[in-house]
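Written out below as structure tokens is the structure these notes cover.
The values are calculated or read from the model by the stated rules, or taken from the named source; none is laboratory data. Please read all numbers here as calculations on a predicted model, not as lab measurements. Backbone-built Cβ (ideal geometry, glycine too); neighbour counts: all protein chains shown. Note: areas computed on protein heavy atoms with side chains; ligands, DNA, RNA excluded. Shrake-Rupley method; radii C 1.70, N 1.55, O 1.52, S 1.80 Å.
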Amino acid sequence: MEILGIDIGGSGIKGALVNAETGEMLTERHRIPTPNSRKPEDMAEVVKQIVDHFNYSGPVGCGFPTIVKNGVCQSAGNLHPSWLGVNIDEFFTEVTGREFTVLNDADAAGYASMNYGVGKGKQGLVIMITIGTGLGSGAFYNGVLLPNFELGQIPYKKYDKIEQWAAASAKERENLSYAKWGKRFNKFLKYVELIISPDLIIVGGGTSKKWKEFSHLINIETDVVKAELMNNAGIIGPAVACLREQHHGHLTKKS
């Protein structure tokens, strides 16, 4: 079954058609920069452009870079504050004319790894960490999603949340070497290990492409592996989640 998967990030919004049974991407990614305003109306217009680009008429799965509960944005995160409280499912459905299922981007990436990647068949508590503008995290227990494990939101020293200190955006902002930044990321993983004692940690997101630059700095007891699907997980994951999650946007109101 062909499903359009869309990955919304702080710098770019990307989409592709995916075979939801095999996890295979059927098209090249189409990417449009995230609008500088990061406001709902502007971002929804870009999402519509991606849907139109593929001339797609079916349901859409979408990964979104904030806490999403039953399709509703619970935190603006690194986006515009006006996102707070928006029913993203219904909003994108209204703008595009396509039924949307929206979930947290790290949860979506975890879906890809647990169904088609290194996490397939893994039991116990598996944590997906995505390194990007923030530090996303998705949790799966015996293969079942436990939504909204926002481990990047842990307060740390003078920072409101540890992702402000240890995400890829902090590396860029402070012009840190991979050696210096890698120690910060390892510190974050130590907190993850201390708090929830996972059986496996999978690292994905854009920075995972530079795995060899910092993986030797990871020093925790839990097994830590790189996500094989990397950036494509953000597109593949929401496509398969679209078939399994129940909070679809609806084109017609229920009577």
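Helix 105-116 and the longest principal axis of the Cα set of the chain meet at an angle near 90°. Sequence-distant contacts, meaning Cα pairs under 8 Å at least 6 residues apart, place the relative contact order of the chain at 23 percent.
Computed over the chain, the per-residue total of -39500 (n - 2.57) for DSSP H runs of n ≥ 4 gives a 222 nm mean residue ellipticity of -9000 deg cm²/dmol, rounded to 500. For a paramagnetic label modelled on D160 (point 7 Å from Cα along Cα→Cβ), amide N atoms under 14 Å away are absent within the range 86-118. Between 0 and 90 degrees, the angle of helix 233-244 with respect to the longest Cα principal axis of the chain falls at about 50 degrees.
Considering only protein heavy atoms, what per residue accessible area in square angstrom results for the chain with a 1.4 angstrom probe? Intermediate results must be reported in sequence, preceding the final value.
Values: 11720 Å² over 255 residues.
The answer is 46 Å² per residue.
Computed from backbone phi, the HN-Hα couplings of the range 75-88 come to 7, 6, x, 8, 9, 5, x, 5, 5, 4, x, 6, 7, 5 Hz, rounded to whole numbers (Karplus: 6.51 cos²θ - 1.76 cosθ + 1.60, θ = phi - 60°; Gly and Pro given as x). How would the range 82-125 be classified by its alpha-carbon gyration tensor: rounded, prolate or oblate, with rounded meaning a/c under 1.5 and the a/b versus b/c comparison settling the rest? Prolate is the answer for the range 82-125, as a/c is 1.5 or above and a/b outweighs b/c.
Computed over the alpha-carbon atoms, the chain gives an Rg to Rh ratio of 0.95, Rh here being the Kirkwood radius from the mean inverse distance. log₁₀ I(q)/I(0) of the range 110-255 at q = 0.09, 0.10 Å⁻¹, via Debye over equal Cα point scatterers, no solvent, to two decimals? Relative scattering, expressed as log10 I(q)/I(0), comes to -0.29, -0.35. The packing ranking of peptides 215-222, 39-46, 100-107, highest mean first, is 100-107, 39-46, 215-222, where packing means the average number of other beta carbon atoms within 10 angstrom of each residue. Computed from the C-beta positions of I196 and N55 and an R0 of 35 Å, the FRET efficiency is 0.20 to the nearest 0.05. Of all beta bridges that DSSP places with both ends in the chain, some 60 percent have antiparallel geometry.
Where both partners of a DSSP beta bridge lie in the range 1-125, what percent of those bridges are antiparallel, to the nearest 5?
Numbers: 15 of 24 bridges.
Beta bridges within the range 1-125, antiparallel portion: roughly 60 percent.
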